[in-house]
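Student: Take this structure, written in structure tokens, and hold onto it; I'll ask about it next.
The values are calculated or read from the model by the stated rules, or taken from the named source; none is laboratory data. If you're wondering where the values come from, they're calculated on a predicted model, not measured in any experiment. Every residue, glycine among them, receives a Cβ derived from its backbone with ideal geometry; neighbour counts consider all protein chains shown. Side chains are part of the model used for accessible areas, which takes the heavy atoms of the whole protein and leaves out ligands, DNA and RNA. Shrake-Rupley method; radii C 1.70, N 1.55, O 1.52, S 1.80 Å.
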Amino acid sequence: MAHDAHPTAPAHRHDHSHTHGDGHGHTHGNAHGHGHSHAHGSDATPNGLPEILDLDAALFAPRLTALTGRIACLAGDDIRHIVDLGSGTGTGAFALLEQFPTARVTAVDSSPAMLERLTSAARDRGLGDRVRTLEADAGAGLPGVVDADLVWASASLHHLEDPAAALAGIRAALRPGGLLAVAEVDGMPKFLPEDGPWGELEARCREALDGLHAERMPHRGADWGSLLAAAGLPVEQERAERWELRAPLPEGAGRYAYLVFERIRGTLEGRVDAEDLAALDRLLDGGPEDVRHRDDLVVRSTRETWMARRPA
């Protein structure tokens, strides 16, 4: 679709004050079925976050299948009980159930609305008898969860106030020899050309959000390999991958970008220059510069994973 290839987004650079929130609300992010074991800031659209999670999983479905396949190779065949820690809408849980057709999942989240949505989706997929939910804050332990074969923690660990205590609880929930798969993202996804004023705008937004998260979520970007090892969960595999989609983009990419920028716009209100807010508005206003109408849109982020095992 046509759009101005050289928009007049502001090219100035300023330091910005910070506030809590990001494109994924944590987010994630998530082709991992982003975790939400803690409450997040309000959505610009009430149901925006669940839709973001589902769209992320749909857009990156081949990557998610490859990742869960890698988990399956490490975890082995005898996987009967999976724990999805910070389950969100359940995209990670459902992907893992495909890899382990005899397993059941305990989906852990602190949001009743997320768990209700997940339960409904499980019924729709014919998986209702293989999924149970647990409303709990992962940082406060996993009550009643024992002998898990696999724990999946996607975009949830960085929310923890005390990672050491939480990882001790995860270790206790795992059976000896059980696997913990951790996935994290490097911040809000990028959608606009890196060169030029739109890329500069996106970089300023990222900088503001990253600074905010450093204040509110100090464990974001932590050295999880060292933290896992210190918790008695030695890492067997660590990987960072750049996940990128370019034209022709899958259906839903424009909607995904729109929802992410809508959340960003709500978060940065009063925190960045009026000119930057006006530029963000043009990405959302239905005009030729709207992310849903652009022909230069991309979707890219870096996903890091750690596979750690409780010693037998």
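Student: Name the one entry in 153, 181, 168, 164 that is in a helix (DSSP H, G or I) and touching a Leu at 6+ places or on another chain (Cβ under 9 Å).
Tutor: Details: 153 fails: in a helix (DSSP H, G or I); 181 fails: in a helix (DSSP H, G or I); 168 fails: touching a Leu at 6+ places or on another chain (Cβ under 9 Å).
Of 153, 181, 168, 164, the one residue that is in a helix (DSSP H, G or I) and touching a Leu at 6+ places or on another chain (Cβ under 9 Å) is 164.
Student: Scan region 114-131 and report the pairs whose first residue is modelled with pLDDT under 95 and whose second residue is loosely packed, with under 12 Cβ neighbours inside 10 Å and among the aromatic types (Phe, Trp, Tyr), with Cβ atoms within less than 6 Å and a gap of 6+ or a chain change.
Tutor: none
Student: Residue by residue through region 46-58, note down the ones that are under 13 Å from residue 299 (Cβ atoms) and touching a helix residue (DSSP H, G or I) at 6+ places or on another chain (Cβ under 6 Å). Spell out the reasoning first.
Tutor: The first filter runs over region 46-58 and keeps only residues under 13 Å from residue 299 (Cβ atoms), leaving 52, 55-58.
Listed by number, the residues that qualify are 52, 55, 57.
Student: Based on what the data block shows, is residue 102 open to solvent by 20 Å² or more (accessible area, probe 1.4 Å), farther than 29 Å from residue 284 by Cβ and of a type in the set (Ser, Thr, Tyr)?
Tutor: On the way: open to solvent by 20 Å² or more (accessible area, probe 1.4 Å): yes; farther than 29 Å from residue 284 by Cβ: yes; of a type in the set (Ser, Thr, Tyr): yes.
It is true that residue 102 is open to solvent by 20 Å² or more (accessible area, probe 1.4 Å), farther than 29 Å from residue 284 by Cβ and of a type in the set (Ser, Thr, Tyr).
Student: Which one of 178, 211, 196 is touching a residue at least 24 places away in the same chain (Cβ under 8 Å) and on the phi > 0 side of the Ramachandran plot?
Tutor: On the way: 178 fails: on the phi > 0 side of the Ramachandran plot; 211 fails: on the phi > 0 side of the Ramachandran plot.
Exactly one of 178, 211, 196 is touching a residue at least 24 places away in the same chain (Cβ under 8 Å) and on the phi > 0 side of the Ramachandran plot, namely 196.
Student: State which residue is nearest to residue 304 (Cα to Cα) when the search covers only region 77-93 and only residues that are in contact (Cβ under 8 Å) with a residue 24 or more places away in the chain and open to solvent by 10 Å² or more (accessible area, probe 1.4 Å).
Tutor: The qualifying residue nearest to residue 304 (Cα to Cα) is 91.
Student: Another question about this same structure. Filter region 268-306 down to residues that are surrounded by 19 or more Cβ atoms within 10 Å (Cβ to Cβ) and within 17 Å of the chain's Cα centre (by Cα) and give me whichever is farthest from residue 153 (Cα to Cα).
Tutor: 299
Student: Out of 207, 215, 194, 236, I need the residue that is modelled with pLDDT of 95 or more and over 17 Å from the mean Cα position of the chain (by Cα). Which one?
Tutor: On the way: 207 fails: modelled with pLDDT of 95 or more; 215 fails: modelled with pLDDT of 95 or more; 194 fails: modelled with pLDDT of 95 or more.
Every option except 236 fails the conditions.
Student: Moving on to the next point. In region 54-105, how many residues are outside any helix (DSSP H, G or I) and of a type in the set (Lys, Arg)?
Tutor: So in region 54-105, the residues outside any helix (DSSP H, G or I) come out as 60, 76-90, 100-105.
Now drop any that are not of a type in the set (Lys, Arg), which leaves 80, 104.
Residues flagged as outside any helix (DSSP H, G or I) and of a type in the set (Lys, Arg) within region 54-105 amount to 2.
Student: Could you list, in sequence order, all residues of region 111-126 that are surrounded by 19 or more Cβ atoms within 10 Å (Cβ to Cβ) and not in a helix (DSSP H, G or I)? Lay out the reasoning, then the answer.
Tutor: If we filter region 111-126 for residues that are surrounded by 19 or more Cβ atoms within 10 Å (Cβ to Cβ), which is where we start, we get 111, 114-115, 117-118, 121-122.
Passing the criteria: only 111.
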